[in-house]
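Derivation of every value follows stated rules applied to the coordinates shown; laboratory data play no part. Everything numeric here is computed off the predicted structure, so don't read it as measured data. All Cβ positions, glycine included, derive from the backbone under ideal geometry; neighbour counts span all protein chains shown.
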């Protein structure tokens, strides 16, 4: 007689009784999942997360009394559980979802605009895949400082952009190239990048490109929110703009980003997925390796899959530096593990050591040791 498959316990949090029923039907029909509780607002969610100890929580954002963002902050600070945000893809929904991801939620699924049963079936496979994956994630307690900051009236006011005169001048030739850092992230990326971003200063003498697997509707808002936590200029990358040091570029969702041999950003929205990824990290890294050569730096962070492995090889072959996040601090040790397996990684580091390694390399390039000093 076959041994019964152990099911992962799911807590559904949504203020709509209809939506709770739809989600329960979807989850209970899966052989690996079992709904063990429902909460109609964030207050109940916090209480049931403690008493039921579910393997995963499906969390709505817009709810009365205590919303999903506040509930996520409380749960991830006091009683961490894997959380998958299931909420609107509107501008307001995107902003709150990103806050939740920065607070440690694992993944998100955008509800179809109407939210009716038939439309929810259109995201069923994505929802089940992400919830199953989240069940296996080792969550960590969110730093209370970050939780408090994100909870202050929905987040701090974004810093004004640096005055034009304070920004580094654009490169005008091959002899004026500067270091280019490519940060690669997928599942768990927003919270991970939040740990790195505060280190960058507005006069950081390198360009930084973040390629995060994220839908198109989210990256513009992501740039706005990330700018609140770092001094470096943060912006969503634009087609044909010239790459500049002192700027943190976010690859727009749904587009591949390349750096041309003349240092301009090229965006591709017509090719579709490459090796299953959109945006594709390898594409960006390979173009940066060609443009920046030994001045290129790859930082491969948490994420599922192998995107970034081929690109990291290209950067290493060009004489650049390759860093990988370690297993202990990765939400999903997929992408870093694949790069490590390839044998091109110079350093495997915990998340709190990655910025220092990037800075050391960049300053070493920009401020060479005096003659005779090694």
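Numbers at a glance
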quantity: Matching residues, segment 192-205, being buried (at least 21 other Cβ atoms within 10 Å of the Cβ) and closer than 16 Å to residue 101 by Cβ; calculated: 192, 193, 194, 196, 197
quantity: Scope segment 206-221; condition out of contact with any strand residue (DSSP E or B) (no Cβ under 6 Å at 6 or more places or on another chain) and surrounded by fewer than 24 Cβ atoms within 10 Å (Cβ to Cβ); matching residues; calculated: 213, 215, 216, 217, 221
quantity: Given (1) farther than 21 Å from residue 138 by Cβ; (2) touching a helix residue (DSSP H, G or I) at 6+ places or on another chain (Cβ under 7 Å); (3) surrounded by fewer than 19 Cβ atoms within 10 Å (Cβ to Cβ), index of the condition residue 87 fails; calculated: (3)
quantity: Any hit, segment 252-264, residues being touching a residue at least 60 places away in the same chain (Cβ under 8 Å), farther than 21 Å from residue 218 by Cα and part of a loop (DSSP other than H, G, I, E, B); calculated: yes
quantity: Scope segment 51-79; condition surrounded by fewer than 17 Cβ atoms within 10 Å (Cβ to Cβ), closer than 19 Å to residue 137 by Cβ and touching a helix residue (DSSP H, G or I) at 6+ places or on another chain (Cβ under 9 Å); matching residues; calculated: 78, 79
quantity: Residues satisfying the stated conditions in segment 315-329, i.e. surrounded by 20 or more Cβ atoms within 10 Å (Cβ to Cβ) and more than 16 Å from residue 179 (Cβ to Cβ); calculated: 324, 325, 329
quantity: The lone exception for residue 47 - which of (1) farther than 25 Å from residue 119 by Cα; (2) buried (at least 16 other Cβ atoms within 10 Å of the Cβ) it fails; calculated: (2)
quantity: Residues of segment 349-358 that turn out to be in contact (Cβ under 8 Å) with a residue 24 or more places away in the chain and surrounded by fewer than 17 Cβ atoms within 10 Å (Cβ to Cβ), as a count; calculated: 4
